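Here is the structure we will look at, set down as structure tokens.
FYI, it's all coordinate maths here, none of it is from the lab. Quantities reported herein were computed from a predicted structural model and do not represent experimental measurements. Quick reminder, even Gly has a Cβ in these numbers, built from the backbone with ideal geometry, and neighbours come from all protein chains shown.
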Amino acid sequence: MASYKPTNIPVYPKLGEKVTEETLYWKNYKTPIQIKEFGAVSNIHFSPVTPYNFAVTAFTRIHLYGLLSQEPVKTFTRFKDTAYCGRFRSDGQLLVAGCEDSVVRLFDVSGKVALRMFKGHTKAVHVTDFTSDRYQILTGSDDYTCCLWDIPNSAQLNTYQEHTDYIRCGVTSQLNRDLFVTGSYDHSLKVFDARVDKSVMTINHGHPVESLLLYPSEGLLVSAGGRYVRVWDLLKGGQPLVSLKNHHKTVTCLALSSNGQRLLSGSLDRHVKVYNTTSYKVVHNFDYPAAILSLALAPEDESIVVGMTNSILSIKHRKPSEEAKETAGHQRRRPSYRVYAHRKSYVPKQDDYLVSKPVRQHLAKYDKQLKKFNVSKALDTALETWIRGRKPEITVAVIRELDRRGTLKNALAGRDEQELSRLLSFLIANLVDARFAPVLITAAEMILDIYQSIIGQSPVVDKQLLHLQSLLERELDYQKDLLEVLGMLDTMFASSLPKIELPCSGISTSNGLPQGQSTASRPQVQVN
Amino acid sequence: MFLLCASGESVKVFSTATEECLHALQGHTDLITGVLLRPSNHLQAYSCSLDGTVRLWDFTDGILIRTYSIGYPIYGIYASAKHEGVIFIITPMHTDTNSELFQLVAVHLPQCGEQLVEAKELSAVLSNISSNPAASAFGREGQYIVSAKPLQLEVYFFKKHKSYSFFLKKDNQKGGKNTFTCITCHPTEDCIASGHEDGKIRLWRNFNHRKEYTYSTLHWHHSAVSSLRFTPEGTNLLSGGVESVLVQWRYNQESQRDFLPRLGGAITHISVSPDGALFCTSHSDNKITIIQSCVKVSAVIQGLVKGDRIRTDLMIEPRSKALVLNGKPGHLQFYSLQRDKLLYNLDIVQQEYIHESGLEQFEVVMAAFDASGSWLATVEERKQKAPELELNLKLWAFDDQKQSFVLNTTISAPHEGRITALCFPHVSDGQTTMLVSTSRDGHFKAWQLAAPAHTEDEGPSWSCDFLGAYHSLVPECCCFSADSSLLAVGFQEVVTVWTPASWELLTTLSQPPGAVRDLCFGRLSCSKYLLGATTSRLLCCWNLLTCSLEWVTSMDVSLLLADPLSENMAAFCFEAGSTDLFVFKPGEPRPLFSHKALCSGRVTHAVFVPREVMLESCDEASQWLNCSHLYFLTQSMDLLTFITKAEEDKLTASSKQLVVSDDVAMTPFHLLLGKHRDQLENPQAESRLSVEPIRQPSSSAGINELLQMPAHVLPSASFLCSMFVQSLLISVNKPSEQNKEKEEEMESEKEEEDSDGEMESRISRPEHMPSGESGCAAPALTKEEVRELRRLKKLDHSWMKGLLD
């Protein structure tokens, strides 16, 4: 005797983006903390030493935030005008910042007043950084020059006047104290060596350069400008390695995840994209409410901090790791020792005759009812709130099974106002879902047939029916629009593709299905 | 315990413990309509047949005891312990064949020793009854007999010689569904149970008065009750119908029921063993279920499952060489042709089957294996007519651990229309990674086995790779060339040839008018040919090198298929109501083999089954059978095959030998003695028998054992000696001995009739039924040997088994 075969719940392909390990990793952040700053957040920089405070440059201030605090730990306000590019030294003790008033200020993180003021630029200084020997400061300014300053005696060491437009980004090498790279609005990147008087390498980015990033190995240089993110191989003399065009507005900032495996880019199009640095494919995408100006990651990717034009600072902290949670849960649920030991420890001896207990087939509630041919009850169970809400595919599968048995009409009939409205609300929620439409349309037709006579008796049901009607009308319009777009695309393809003697019209008409079924023929893949 | 089952022209005797068919009682020349245990002797059984005879059998040994010739077709048989020497049969009222009226006739069986008896004492009991044997039954202790007509119940009391009739209203609710379908009587009480078309069971009581009868109604079945049976003590009533649920009602407590659901096909008959320990149900899908009375299935006897229709092609599973076709609803059956046994059913649809007539079910309509047998593709359909066609394409991977196919990918709605053809490329080595399906929606699709896109997906699955069409024509068939470098798709009148590597259309071939119905590439040396059968009664052969038509012949090909191991192709042609078979090579003008009027009706399913060992036949006419068997299914769902002359000889020889070994009880002496008898019987088969290992005594463990056995457990040395020496000798024919044995045989036969089914008579009885192949007198044991056997019966002679191998 064969056992009862439970209802087959089809596995539908996940709509939207595929869930990968990457998405799981990058989605594992808490809801962002948003802090209102005084102006557009132009730069964020993490202190390289614990407790990993970060400096947020916004308007005329630089705020220092602790990693978990929502209030600034410290504020530097001694700027006459808009501050730019607050950066920590590699020991986390000093902070340098440029300013609109062309003065570069050096602060002690514990003090308030500037330790040094470097005056020499004639226009706003947008770029500041410490060299790797900690004794010098690199600055880049809107007066097309970049300078090296000595910290101890605040003297200007060298000036390079090679760029022909504003210098808006620059980065110093962490391995060599003499090397630094600057990027300018004249579309070029220049690599300078402090030991010689001019640039040693010039790379053309093609767009005004907004941001620069050196890989930890410093063999690769990443530049962002216009809609492009470009990666250059410095060891091969600045050969372009890859050009990424994934944003649709200017890319403003770049960051590397702590292990150097992923590259992040933020843009005015309000997205942060995460790239795999081996394949340079976008593996994840963050959305933000406003155009992004600055972006930084805490060590170990513990938090992502993004500054936006609407002067909002958004901080996302990583959720505590799964393992910690799991061990806690496991300890709580461990069974008592006696039961645990008894079940596990008894090993049958060699000559024991093992009587196997027949395995009881576990059936879901709706299957139990279906087995007994209780069709109405089966539908009721499948319409329970949590199934209906969370797993509509189960409800649809039960409806399909009832239809297959030819008893759907019996199951739908004889319902009171409350049950009927529950049914209708399920239909309203799922009728236009392409995966469920073929089944639910049959059911909806039956419901209308059965309950035709009672229309007008219940305001609740009438309201839902009207809602359903408007939903269907809207859906019809959508489908019509889609077909129009499809037709346009067809003509575009036909004119743009080279004329091949291919009698197959399949390529373009594969999606040209009649409305209502536009996705029904999409292959549904179920892996067992 | 034995189970008797009427099957065609023979009665099969099964063992209830092992499910094995012990013997088939052969002798009837027409359909057997009834089997019945003889009430006075439970080791004998009557069978009746449309050939107008009733035969009495000893079914434990499979012997025909007597044949009663009645002279009219018999539709049913009844007997009761109270009526000694009388059987009741259903015969037509008029001698002309197409009579619709039947009567119940009592036959007095003459008591005489003859083999063939003509029973002439007939007396009509009830007239104008139903021909359905289930619609009549004997009542308590044979006091009355009940028969049901569509709306009337007739009870005949033997004592009073009176009959009462009870009528039901034609339709108390809707439709004429009140008709009787089956009837049974309580063994100890006056109660008649009747089953009805609408699923009701009525229990009739107090029917020995014409007016004061009563009945109560039980209703569980939703459609007609097809069989009813009381247990021997009358405590339970069993009923079954199309729902395939055996319902056990407690007598007098009818609200208590036990159910045994999901037994298989619709229940057609129920029977209960005389001791009430076992129930048995036979099903419409060629299956018998044996059930212990605690409502537990204990054994299943299953033959080739007969579905309503064969929708899939006949196929051969490349691994086990099993024949694959539709089986149970929603299943594929794997049937071993070598062993004539159902191997297993593969559940394709994986849904609970609802037994209800008129319900649209999922049907497996298409299936295909790849060349190595590691992939199976199936197509299931529901609501073929309606616009909302439900279609699933499933791909199954062979699992080496489970030794079965495991579902890999389900593609729901792979096409918008019905799928017309499905084929895998023939990749000789390596994995198949492609499947092509054509559909009525005007497209063909290539499906590709793709590695998982993400590491967390479990394994490779199938997805659509290419979608092709040709001028919005409907593709009807597709075929891969032998090396899989070309795909031919027949779009109505046009054959398109594609290359699967880049999916380019290479060329088109056409031969209007008439759509291409069947396409087939030649193989091996003929691989440059493409054959197509069109609806306009043409068979075309194109040469793919020149892309031109090679030859055309006019024949209405209903099926075209290629032998996978040779160049041969078989074409079944429908001609004037019957089918002709032509076997030919595409390159040669003359057919290798042709057989006119093979069978009536169209042949639409056939398959070449590769042989395990190639034949070295030099016979011109049967050369095409050297590599493969050809099996085909006729319109009446008979599976037929071709065999060569040599094989036929071998088959008949082996069946003769089988008869010998079946009939003789397997005493250890049988083969010692039987060996010689075989040689006497088949002198022509000596060459075959001379290689039996018994002639190598040095290696026989049995003889070693004999020599090491303590003397006190052995039979007397004088007896053993001659036997032992004889087993070492190479025997010669002794025709004179055969004659002598013939005389002995007659004597022993008389003995047998006196002692019903004793051990001795079993050994010395003739091998062949007198009614069977006449004139095939078989040798038997000599009397001395029989006596010796009788003497030795009590001894333990298991050691002798060693001699047998």
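Give me a comma-separated list of calculated 3J(HN,Hα) values for region A:132-143, in order, Karplus coefficients 6.51, -1.76, 1.60 applied at θ = phi - 60°, integers in Hz, x for any Gly or Pro.
Values per residue, Gly and Pro as x: 6, 7, 6, 9, 10, 10, 9, 10, x, 9, 6, 7 Hz.
List every residue whose amide H lies under 5 Å from the amide H of residue B:504, counting only residues 5 or more places away in sequence or on a different chain, with H placed 1.01 Å from N in the peptide plane.
Residues meeting the amide H criterion: B:499.
Please label the shape of region A:366-421 as rounded, prolate or oblate, based on the square roots a ≥ b ≥ c of the eigenvalues of the alpha-carbon gyration tensor (a/c under 1.5 means rounded; beyond that, a/b larger than b/c means prolate, else oblate).
Judged from the Cα gyration tensor, region A:366-421 comes out oblate (a/c at least 1.5, b/c at or above a/b).
Dipole size in debye (nearest 20) for region B:96-229 around its Cα centre, Lys and Arg Cβ +1, Asp and Glu Cβ -1?
680
Please report, in whole Å³, the volume per residue of the convex hull around the C-alpha atoms of region B:306-450.
Considering the Cα atoms of region B:306-450, their hull volume per residue is 118 Å³.
Name the residues whose placed amide hydrogens come within less than 5 Å of the amide hydrogen of residue B:268, ignoring near sequence neighbours (fewer than 5 apart) on the same chain.
Those lying under 5 Å, H to H, from residue B:268 are B:282, B:283, B:284.
Counting only other chains, what is the mean number of Cβ atoms within 10 angstrom of the Cβ of each residue in peptide B:408-415?
6
Determine the shielding of peptide B:466-477 by partner chains: average, over its residues, the number of Cβ atoms on other chains within 10 angstrom of each Cβ.
3
For a protection proxy built on the mean count of beta-carbon atoms within 10 angstrom, sort A:53-64, B:364-375, A:157-168 highest first, please.
Top of the packing list down: A:53-64, B:364-375, A:157-168.
Which angle from 0 to 90°, rounded to the nearest 10, does the C-alpha axis of helix A:392-405 make with the longest principal axis of chain A?
30
Net charge within 13 Å of residue B:575 by Cβ-Cβ distance, Lys/Arg positive one each and Asp/Glu negative one each, not counting residue B:575 itself?
Counting the neighbours of residue B:575, the net charge comes to +1.
Could you order peptides A:351-362, B:416-427, A:280-291 by the average number of other Cβ atoms within 10 Å of their residues, highest first?
Descending packing order for the listed peptides: B:416-427, A:280-291, A:351-362.
Label-point separation (nm) for residue A:353 and residue A:248, each offset 7 Å from Cα along Cα-to-Cβ?
Calculated label separation equals 7.6 nm.
Mind sorting B:354, B:348, B:290 by how few other Cβ atoms lie within 10 Å of their own Cβ, fewest first?
B:354, B:290, B:348
For the cross-link pairs B:200/B:328; A:273/A:316; B:82/B:149; A:80/A:123; B:82/B:159; A:249/A:273, which exceed 19 Å when the distance is taken from alpha carbon to alpha carbon?
Those over the limit are B:200/B:328; B:82/B:149.
Among B:566, B:273, rank each residue by its count of other Cβ atoms within 10 Å, from fewest to most, as a rough exposure measure.
Ranking B:566, B:273 by Cβ neighbours within 10 Å, fewest first, gives B:273, B:566.
About the Cα centre, and with charges only on the beta carbon of Lys, Arg (+1) and Asp, Glu (-1), how big is the dipole of region B:208-366? Nearest 20 debye, please.
340
What is the angle, in °, between the Cα long axis of helix A:437-450 and the longest principal axis of the Cα atoms in chain A? Nearest 10 is fine, range 0 to 90.
Its long axis makes an angle of about 50 degrees.
Can you show me the helix-derived [θ] at 222 nm for chain A, built from DSSP H runs with n ≥ 4 at -39,500 (n - 2.57) apiece and divided by the number of residues, rounded to the nearest 500.
About -8000 deg cm²/dmol.
Mind checking which of B:373, B:350, B:330 is farthest towards the positive end of region B:312-404's charge dipole, using Cβ charges of +1 (Lys, Arg) and -1 (Asp, Glu) about the Cα centre?
Positive-end residue among those listed: B:373.
Out of residues 5 or more away from residue B:477 or on other chains, whose amide H comes under 5 Å of its own, with H placed 1.01 Å from N in the peptide plane?
It is B:490, by chain and number.
Taking θ = phi - 60°, what integer Hz values does the Karplus form 6.51 cos²θ - 1.76 cosθ + 1.60 yield along region B:405-412, in sequence order, with x for Gly and Pro?
Values per residue, Gly and Pro as x: 8, 10, 5, 9, 9, 10, 10, 8 Hz.
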